[in-house]
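Enquirer: Here you go, one structure.
The values are calculated or read from the model by the stated rules, or taken from the named source; none is laboratory data. All values reported here derive from a predicted model rather than from experimental measurement. Please note: Cβ atoms are built from the backbone with ideal geometry, for glycine as well, and neighbour counts cover all protein chains shown. Surface areas here come from the heavy atoms of the whole protein model, side chains and all, with no ligands, DNA or RNA. Shrake-Rupley method; radii C 1.70, N 1.55, O 1.52, S 1.80 Å.
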Amino acid sequence: MRLLRLLADLGAGLVAGLVAALLMTTVMAALRYALGIPPPAELFGDRVGPHLDVDTFIGLINQYGGYNQLKQLGAGSVIAGQLAVGLLIGLLYAVLVGRERARRPAKVWPLGISRRSVRAVVVAVGLLYVLSLALLWPVLGISYRGLPPGPAAWATAVAMLVAYASYSGALLLGYRLMTSRTPLRRPAMLGRPIGRRAVVVGGVALALALASRELIERLFRMATFDYDGMQVRGPDIAPITPNERFYIVTKNIIDPRVARPVWRLEIAGQVRQPQTYTFEELATLPPTTQETTLMCISNPVGEGLMSNAVWTGVPLRALIAAAGPLPGVVRVVLQSVDGYTDTVAFDKATHPTTLVAYAMNGEPLPQRHGYPVRAVVPNLYGEKSVKWLTRVELVGYQAQGFYERQGWGPTFVVPTTARLDAPHHEQRFAFGPDLAVLLKGVAFAGERGVARVEVSFDDGRTWQPARLDYVGSPLAWVLWSHTWRPERPGTYRLVVRATDGTGRIQTPVERGTVPSGATGYHRITALVEA
Ligand SMILES: Nc1nc2c(c(=O)[nH]1)N[C@H]1C(S)=C(S)[C@@H](COP(=O)(O)O)O[C@H]1N2
Ligand SMILES: [Mo]
């Protein structure tokens, strides 16, 4: 009899704990959806990410089949962990209440919950809350709605408190509903009170499950999974990449949707007079328009994590000058509302081409490319061009950003690179006296500019000049082409290489993307068939 009772108690604790944890997860999802407040499931990756070394990071990405899969695994594990801990606390609570009942009735609160059990739950969950805050401290300032980091940290802490409190309340109430033998004020409507209560708890759980499913589906639809890593390449490559086709890389599971009215840009750190700008204030400053190509450090030779746009914004150095940098500043930390950071040398930050951009190809920055404001840092890998920029901090030490801490770099200057966009690898051509194959592609050499592009049809033994069809700004890629008339059928190895504006030929040394970006020549095979 006593054993049965214990089992019933434990069962009730388990169900109450699980339902309470589900409620908490739903509260977190709702706050994320409605207010852009990051739940622990999202914060986890941001907390852990920079502390992985780059080989572990890339190893995990490969092991789980991609960055998207790794992001899902991280968030999924935290949610599973939350449910497991919630359930465990429910079990412990059942044991505690059972022991209490065996002694004598303790003082009782409204609804017949003992004061002792309330205290126990508050202490346990309170401890977990403090622990969570301590663990997530460095990333609390994230706000996907664009609140500045200070207020954002408060919002995250309060939201987490609300979520944890919802767990505590639901556990106390749920357990009491399922186990109490004294009726809860209202008369029995559905037979024995215990049965009615089971129906109530079951109903609440079902409603919760439905609500959280709906929320999770919506959040999934907002997620970056279907566009993170989007590339642009191929025979229709355009000089200026249309906004909808510009490559995308993001660390986020769901990208920020910044509400401009709450967003601010802060210039802080070692400055005489810290500055805070609203979007409207930024937009009244004298703008610069500048064509600049961005390329991701993870772009393998020949691939499409590289695009070109015309950016409009304010030179960062104007903002830094207005704040009055103090002597001793060596680096500038660029921080995003999503918690992402990267750094540039003070000299680079104050170079006239380093922009705080708010327009891309004449349109407001698209959401995915950093709306309302991003950094555009020419000549360095795309990592430095922090999207959804919210804070610029001048520091007197060698600060490191999100990926820098993993060990990428140390140099982030883009090497000279060239790509064949047409034909595609192993494309077949029917040989004939009139066969003319149009080779096309892009070449990029950061701010050094591209002086020359050459192609080879014999795997690099001999080279022929290509035409430069499009030469934009000195910070942009070039588009090149070459008409090839094969003299006989065969299997050809096509290679392309560029020479930069300083006269240096692109290095043939093959290097992978980790840790400083890929080098080597892009090679493809063309099959000319008799
Ligand atoms: N806030 C923020 N900025 C960011 C990133 C990010 O995850 N968050 N990713 C960086 C990386 S790795 C690259 S390559 C570029 C890509 O910019 P794009 O998506 O506009 O092409 O943004 C950089 N800026
Ligand atoms: Mo990147």
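Enquirer: Between Ala80 and Ala318, what length in nm is gained on full extension when 0.36 nm per residue of separation is reduced by their alpha carbon distance?
Expert: Details: separation 238, 0.36 × 238 = 85.68 nm, distance 4.77 nm.
Taking 0.36 nm per residue and subtracting the Cα distance, the gain is 80.9 nm.
Enquirer: Hand me the GluC sites (Glu not before Pro) from segment 465-530 located in a DSSP loop with no more than 13 other Cβ atoms within 10 Å, in residue order please.
Expert: Details: sites: Glu487, Glu510, Glu529; in loops: Glu487, Glu510.
Qualifying residues, ordered by number: Glu487, Glu510.
Enquirer: What FRET efficiency would be calculated for the residue pair Ala134, Ala238, taking the C-beta separation as r and a Förster radius of 51 Å, to the nearest 0.05?
Expert: Values: r = 50 Å, r/R0 = 0.98.
Here the calculated transfer efficiency is 0.55.
Enquirer: While we're looking at this one, here's another question. In debye to the nearest 20, how big a dipole does the chain give about its Cα centre with +1 on each Lys and Arg Cβ and -1 on each Asp and Glu Cβ?
Expert: Working: 54 positive and 37 negative charges, 702 e Å.
So the dipole magnitude of the chain works out to roughly 3380 debye.
Enquirer: Going 7 Å from the Cα of Ala165 along its beta-carbon direction, which residues of segment 83-124 have the amide nitrogen within less than 15 Å of the resulting point?
Expert: Residues 122-123 qualify, since their backbone N sits under 15 Å from the label point.
Enquirer: If amide hydrogens are placed 1.01 Å from N in the peptide plane, which non-local residues have theirs closer than 5 Å to the one on Tyr470?
Expert: Leu479
Enquirer: Let me ask you something else. Whenever you get a sec, line up Trp480, Trp154, Trp109 from highest to lowest accessible area (probe 1.4 Å, protein heavy atoms).
Expert: Values: Trp480 5, Trp154 185, Trp109 110 Å².
The most accessible residue leads, giving Trp154, Trp109, Trp480.
Enquirer: Got a number for carbon plus sulfur as a percent of the chain's accessible area, 1.4 Å probe? The partial results should precede the final answer.
Expert: Numbers: 15030 of 24060 Å².
Carbon and sulfur together cover 62 percent of it.
Enquirer: A follow-up question, please. Taking the radius of gyration and the Kirkwood hydrodynamic radius from Cα positions alone, what is the Rg/Rh ratio for segment 243-406, to two decimal places?
Expert: Dividing the radius of gyration by the Kirkwood radius yields 0.94.
Enquirer: Extension gain Ala259-Val122, at 0.36 nm per residue separation less the Cα-Cα distance, in nm?
Expert: Numbers: separation 137, 0.36 × 137 = 49.32 nm, distance 3.52 nm.
Additional length available on full extension: 45.8 nm.
Enquirer: With label points built 7 Å along Cα→Cβ from the Cα atoms of Thr525 and Thr483, find their separation and express it in nm.
Expert: So the two model labels end up 2.9 nm from each other.
Enquirer: Using +1 at the C-beta of Lys and Arg and -1 at the C-beta of Asp and Glu, which of Val332, Pro315, Pro148 has the Cα lying farthest in the positive direction of the dipole of the chain?
Expert: Result: Pro148, furthest along the dipole toward the positive end.
Enquirer: Hey, how many Å between the Cα centroid of segment 354-402 and the Cα centroid of segment 260-298?
Expert: So the two Cα centres are separated by 8 Å.
Enquirer: For the chain, what number of Lys pairs, 8 or more residues apart or on separate chains, have alpha-carbon atoms under 25 Å from each other?
Expert: Values: Lys71/Lys251; Lys71/Lys384; Lys71/Lys387; Lys251/Lys348; Lys251/Lys384; Lys251/Lys387; Lys348/Lys384; Lys348/Lys387.
So the count works out to 8.
Enquirer: Return one number: the angle in degrees, 0 to 90 and rounded to the nearest 10, between the long axis of the Cα atoms of helix 115-136 and the longest principal axis of the Cα atoms of the chain.
Expert: The two axes meet at around 10 degrees.
Enquirer: Students often get this wrong: which residues of segment 377-396 have the backbone nitrogen under 20 Å from the point 7 angstrom along Cα-to-C-beta of Ala283?
Expert: 387-391
Enquirer: For segment 375-380, just list the computed ³J(HN,Hα) in residue order, Karplus coefficients 6.51, -1.76 and 1.60, θ = phi - 60°, integers in Hz, with x standing in for Gly and Pro.
Expert: Going residue by residue, I get 7, 10, 10, x, 6, 10 Hz, with x marking Gly and Pro.
Enquirer: Let's see if you can work this out: charge +1 on each Lys and Arg Cβ, -1 on each Asp and Glu Cβ, no other charges. What is the dipole magnitude of segment 2-222 about its Cα centre, in debye to the nearest 20? Don't skip to the answer; put the middle values down first.
Expert: Numbers: 24 positive and 8 negative charges, 346 e Å.
Dipole size: approximately 1660 debye.
Enquirer: Is there a quick way to get the dipole size of segment 417-529? I mean about its Cα centre, with the Cβ of Lys and Arg at +1 and of Asp and Glu at -1; what is the value in debye to the nearest 20? Please list the in-between numbers first.
Expert: Working: 14 positive and 12 negative charges, 37 e Å.
I would put it at about 180 debye.
Enquirer: How far, in degrees from 0 to 90, does helix 149-179 lean away from the longest principal axis of the Cα atoms of the chain, to the nearest 10?
Expert: Result, in degrees: 40.
Enquirer: Whose amide H sits under 5 Å from the amide H of Val373, counting only residues 5 or more places off or on another chain, with H placed in the peptide plane?
Expert: When sequence neighbours closer than 5 places are left aside, the close amide H contacts are Trp388, Leu389.
Enquirer: Using alpha carbon coordinates only, what is the Rg to Rh ratio of the chain, with Rh defined as the Kirkwood radius? Could you put the intermediate results ahead of the total?
Expert: Numbers: Rg = 29.4 Å, Rh = 26.5 Å.
My calculation puts Rg/Rh at 1.11.
Enquirer: Can you tell me the alpha carbon radius of gyration of segment 417-529 divided by the globular rule-of-thumb value 2.2 N^0.38 Å? Show your work: numbers first, answer last.
Expert: Numbers: Rg = 14.4 Å, N = 113, 2.2 N^0.38 = 13.3 Å.
Here the Cα radius of gyration is 1.08 times the empirical estimate.
Enquirer: Can you tell me the mean projection area, over all orientations, of the convex hull of segment 204-331's alpha carbons? Units nm², please. Can you show the working numbers first?
Expert: On the way: hull surface 51.7 nm².
Average of the hull's projected areas for segment 204-331 equals 12.9 nm².
Enquirer: Take every DSSP beta bridge whose two residues both sit in the chain, then give the antiparallel share in percent to the nearest 5. Provide the component values of the computation, followed by the final result.
Expert: On the way: 69 of 78 bridges.
Once the DSSP bridges in the chain are tallied, antiparallel ones form about 90 percent.
Enquirer: If one takes the longest principal axis of the Cα atoms in the chain, at what angle in degrees, from 0 to 90 and to the nearest 10, does the Cα axis of helix 2-35 lie?
Expert: The answer is roughly 40 degrees.
Enquirer: Between Leu35 and Thr502, what is 0.36 nm times their sequence separation minus the Cα-Cα distance? Round to one decimal in nm. Write out the running numbers ahead of the final one.
Expert: On the way: separation 467, 0.36 × 467 = 168.12 nm, distance 5.03 nm.
The span from Leu35 to Thr502 would gain 163.1 nm if fully extended.
Enquirer: Rounded to a whole number of µm²/s, how large is the Stokes-Einstein D of segment 2-222 at 4 °C and 1.567 mPa s, given Rh as the Kirkwood radius over C-alpha pairs? Write out the running numbers ahead of the final one.
Expert: Numbers: Rh = 19.1 Å.
This corresponds to a translational diffusion coefficient of 68 µm²/s.
Enquirer: For segment 1-93, what is one quarter of the convex hull surface built on the Cα atoms, given in nm²?
Expert: Values: hull surface 30.9 nm².
Here the figure is 7.7 nm², rounded to one decimal.
Enquirer: If we sort 307-319, 277-289 on the protection proxy, mean other Cβ atoms within 10 Å, highest first, what's the order? It would help to have the intermediate numbers written out before the result.
Expert: On the way: 307-319: 22.4, 277-289: 14.3.
Highest-to-lowest ranking by the protection proxy: 307-319, 277-289.
Enquirer: Given a 1.4 angstrom probe, what's the average accessible area per residue across the chain, in square angstrom?
Expert: I get 45 Å² per residue for this part.
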